[in-house]
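Read the figures in this text as sums done on the coordinates, not as results from a lab. Because the structure is a prediction, the values reported are computed rather than measured. Here Cβ is always computed from backbone atoms with ideal geometry, including for glycine, and neighbour counts include all displayed protein chains.
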Amino acid sequence: MTATVQNIQSQPQIKVTMKPLAELFNLGNRVLPSEAMRTTCANIPVFANPSEMVPANNPKFYYQEQLLEDILSCFLLSQPAMLVGPKGAGKTDVLIDFAAKTGRELITVSCSSKMDIETLLGYVGLNNGSTVIEKGILAEAWEKGQIVILDEVDALREDVQLALHEIAEPSSKTLTMPVAGGNVDVILKRHKNFRLFATSNTGGKAERDAQYRGGRLMGGALLDRFVRIEVGYLPEDIEKQLLQDLLPGLTSVAAGMMVDIANEIRTSYLNGEATDTLSMRSLIQWGKFWLLQQVPERGFLLAVFNSYSSDMKLLAYNSYTAHFPEALPLSEAEKLRIGVAA
């Protein structure tokens with residue numbers, strides 16, 4: 001069997017500018033925890049990239065200092081990283097915004113048990129006696145220097161996880177395409193800007209099966225190739241202020257009650273007493289309806305309550321009624337279904 005090396009590094013020249021870290025990531029007076037990283041990352045390279053694969057920038061996105069430093073460190077070291085934390089903590093969002101602010105092309109892969117090796121890596125085969133090369137999502141990104149997020153990576157089948165060992169190895173410079181026939185190994189050279197990230201609710205440990213039935217126990221060899229970055233919910237005061245910044249007209253009292261309800265549900269979730277949580281995204285959706293309708297209850301139903309299973313609806317109902325005098329407009333049948341006391 002012979003080998004052919006493909007090296008597609010030539011791309012249109014993209015202008016790179018250096019921007020101060022604090023300005024780029026809206027840090028204000030906040031600084032990175034490490035003094036060495038404050039010096040190393042005082043200015044960040046930003047690509048003036050017109051590609052549609054660069055996400056839209058969110059100018060109000062809030063970066064927690066340690067999380068930002070960890071992501072920057074992984075970029076500098078070309079180290080694959082797995083962001084681990086509860087649902088709704090913003091694991092994927094922070095990577096998307098990082099790519100947006102630095103002008104980098106991004107591919108987000110929603111992992112599932114149905115995804116196969118060919119989809120991710122591609123294959124080398126034969127068609128009428130000729131060698132055919134079909135590159136998958138990761139192989140394309142490997143050559144083009146894109147950022148890849150394997151969202152909920154622990155949902156992948158074991159055989160697919162095994163196939164990721166080479167591309168997830170920090171020191172890898174080449175990638176061998178899977179051979180599905182033919183007599184040629186195709187080896188792809190790594191672009192210097194390629195970066196690999198993953199997200200997981202369980203960290204590949206398949207913990208809390210009731211909440212993450214799609215998650216699988218990941219092999220230690222693959223886990224060992226990723227560093228683990230813990231991502232938690234925003235501090236209460238920060239989340240309240242962000243809601244007011246994102247939703248002009250929302251009072252501090254209203255934002256406070258919304259965050260209090262969210263944290264009550266999140267605490268139950270983290271303690272294993274609830275099967276779902278409440279994300280910042282859902283809070284924003286609720287707040288938009290509240291501002292439009294000038295009442296809180298209908299927006300809570302649409303953005304929060306109606307997305308829950310029956311057991312979660314009772315928790316949400318009790319939390320809401322503990323903070324708001326306005327009753328949720330539920331039918332008697334719905335109250336009976338979720339177990340509201342008469």
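From most to least packed by mean Cβ count within 10 Å, the peptides 247-258, 273-284 give 273-284, 247-258.
Sort the stretch 236-338 into rounded, prolate or oblate with this rule: let a ≥ b ≥ c be the square roots of the eigenvalues of the Cα gyration tensor; rounded if a/c is under 1.5, and if a/c is not under 1.5, prolate when a/b is larger than b/c, oblate otherwise. Taking the square roots of the gyration eigenvalues as a ≥ b ≥ c, the stretch 236-338 is oblate. Shown is the FRET efficiency for Glu166 and Glu236, computed with R0 = 56 Å from the Cβ-Cβ distance and rounded to the nearest 0.05: 0.85.
3J(HN,Hα) couplings calculated from phi for the stretch 280-296 with the Karplus curve 6.51 cos²θ - 1.76 cosθ + 1.60 (θ = phi - 60°) are, in sequence order, 4, 4, 5, 4, 5, 4, 4, x, 5, 5, 4, 5, 6, 8, 6, 9, x Hz; Gly and Pro show x.
Each Cα pair under 8 Å and six or more residues apart adds its separation to the average, and for the chain the resulting relative contact order is 17 percent. Once the Cα-Cα distance is subtracted from the 0.36 nm per residue extended length, the Leu336 to Asp159 segment shows a gain of 59.1 nm. When Rg and the Kirkwood Rh are both derived from Cα coordinates, the Rg/Rh ratio for the chain amounts to 1.03.
For every helix of n ≥ 4 consecutive DSSP H residues, a contribution of -39,500 (n - 2.57) applies; sum these over the chain, divide by its total residues, and give [θ] at 222 nm rounded to the nearest 500 deg cm²/dmol.
So the calculated ellipticity at 222 nm is -11000 deg cm²/dmol.
Semi-axes of the equivalent ellipsoid of the stretch 231-281 are 22, 10, 8 Å, computed as sqrt(5λ) over the eigenvalues of the C-alpha gyration tensor in descending order. Karplus-based coupling profile of the stretch 51-57, in residue order and whole Hz: 4, 6, 8, 8, x, 6, 6, with θ = phi - 60° in 6.51 cos²θ - 1.76 cosθ + 1.60 and x standing for Gly or Pro.
Sorting 333-341, 83-91, 166-174 by average packing, meaning the other beta carbons within 10 Å per residue, from highest down gives 83-91, 166-174, 333-341.
Taking amide H as placed 1.01 Å from N in the peptide plane, Met82 has its amide H under 5 Å from the amide H of Ala198, Val227, Arg228, Ile229, each at least 5 places away in sequence or on another chain.
Using the 10 angstrom Cβ neighbour count as an exposure proxy, how do Val46, Val54 rank, fewest first?
Val46, Val54
Between the residues Leu150, Gln294, Pro20, the greatest Cα displacement towards the positive end of the dipole of the chain, with unit charges on the Cβ of Lys, Arg, Asp and Glu, is found for Pro20. Could you state the number of Å between the C-alpha centres of the stretch 299-318 and the stretch 60-93? Going from one Cα centre to the other spans 30 Å.
Rounded to the nearest 5, the antiparallel percentage of DSSP beta bridges internal to the chain is 40%. Converting phi to 3J(HN,Hα) with the Karplus coefficients 6.51, -1.76 and 1.60 and the offset θ = phi - 60°, the stretch 242-252 yields 5, 4, 5, 5, 7, 10, x, x, 6, 6, 5 Hz in sequence order, with x at every glycine or proline. Multiplying the residue separation of Val46 and Thr275 by 0.36 nm and subtracting their alpha-carbon distance yields 78.4 nm. Take the Cα of Gln293, step 7 Å toward its Cβ, do the same at Lys19, and the gap between the two points is 3.7 nm.
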